[in-house]
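Structure, as structure tokens:
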Amino acid sequence: MDLGLKDKRFLIGGGSRGLGNAIAQVLVDEGAHVLLMSRDGASLEKAAADIGPAASWVAVDIASPGAVETLQTAVDDKLGGLDGMLINAGGPPPGEVLGVTDEQWAQSFELLIGGPIRILRALTPKIEGEGSVLFITSSSVRQPIPNLDTSNVLRPGVAAMAKVLARELGPKIRVNSLAPGRFDTDRVRTLDKGRAEAQGITVEQQVAQMNKQIPLGRYGEPMEMGRIGAFLLSPAASYLSGISVQADGAMVTAIP
Ligand SMILES: NC(=O)c1ccc[n+]([C@@H]2O[C@H](COP(=O)([O-])OP(=O)(O)OC[C@H]3O[C@@H](n4cnc5c(N)ncnc54)[C@H](OP(=O)(O)O)[C@@H]3O)[C@@H](O)[C@H]2O)c1
């Protein structure tokens with residue numbers, strides 16, 4: 001199947017590592033150009049070099065109001081236009097509803113909702129033809145994750161925003177979201193370390209416990225997400241909009 005990605009141009013949030021980086025890699029393998037966006041310039045430079053000449057980068061904090069101007073200039077200068085965006089960054093902090101501070105709640109909102117709205121407002125007008133926007137959310141949009149209440153509360157709002165935007169930006173722009181379960185990335189390794197410490201067990205024991213809750217018996221590899229994300233962003237997914245795809249090895253027990 002031809003995904004129709006040749007010479008298409010994408011802004012890729014969280015592009016320096018993990019799930020965003022894997023989606024960027026597959027897009028480039030399929031002939032697209034990507035502009036990687038995250039905070040640390042040195043990691044971005046390395047990630048872009050690893051992906052190859054079709055990758056460029058811009059260092060911004062997605063939660064910062066100043067990000068928009070930098071991104072507009074970078075999209076014009078480095079991509080010369082836009083066909084789609086992956087809205088993605090790091091996850092919000094762990095904790096329970098009443099234990100998370102007001103400041104952490106406000107920062108989590110800016111990371112997951114406020115920053116993405118500003119970026120979409122500024123950049124969707126740059127999509128001239130048919131385009132697509134993809135949000136990375138979490139399995140928490142269907143089933144709360146213990147001790148990750150910033151995600152449990154705010155991610156369902158992101159999924160709702162994607163659904164509403166599919167109506168508001170259609171028919172020109174398709175909008176979908178992609179809800180990962182457990183993929184082997186820095187983010188999940190950090191969370192697993194905290195969970196293992198809290199229970200007084202090793203990280204390996206924590207991972208083994210989790211694997212028992214995943215019918216496919218293992219964490220996903222980032223490139224498995226890369227292929228799904230690249231497909232959803234591609235013209236080959238031309239009649240998919242307003243959906244949330246669960247990529248979790250059947251971990252979530254709720255009926256889809
Ligand atoms: N991996 C999973 O199984 C899983 C499961 C559920 C949900 N998720 C969610 O999926 C998203 C991606 O996860 P991941 O596992 O790929 O995470 P990751 O490996 O930690 O990568 C996060 C990426 O986002 C960038 N980033 C972090 N904060 C940012 C900010 N404020 N502004 C711009 N860029 C930022 C990071 O680079 P810098 O630090 O240099 O900015 C990095 O490129 C996260 O929101 C995560 O919560 C992942």
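Rule-based calculations on the coordinates, nothing more; no lab input. These figures come from a predicted structure and were not determined experimentally. Note that each Cβ is placed from the backbone with ideal geometry, even for glycine, and that neighbours are counted across all protein chains shown.
Remarks
- Put simply, the amide H of I243, placed in the peptide plane, has neighbours under 5 Å in S177, leaving out anything fewer than 5 places away on its chain.
- Candidate lysines for bridging to K78, where Cα separation is under 18 Å - those fewer than 8 sequence places away on the same chain excluded: K6, K8, K46, K126
- If R0 equals 22 Å, the separation of the Cβ atoms of N147 and K212 corresponds to a calculated FRET efficiency of about 0.75.
- Separation in nanometres of the label points that stand 7 Å from Cα toward Cβ, at A122 and A250: 4.4
- Mean Cα-pair separation over length for the chain, i.e. relative contact order, pairs under 8 Å, 6 or more apart, %: 21
- Span from the segment 1-22 Cα centroid across to the segment 69-147 one, whole angstrom: 15
- Modelled FRET efficiency - R0 45 Å, I201 with Y239, Cβ distances, 0.05 increments: 0.45
- Taking Cα centre as origin and charging only the Cβ of basic (Lys, Arg, +1) and acidic (Asp, Glu, -1) residues, the dipole magnitude of segment 1-155 rounds to 140 debye.
- Simple label model, 7 Å out from Cα along Cβ direction - K6 to V97, nm: 5.3
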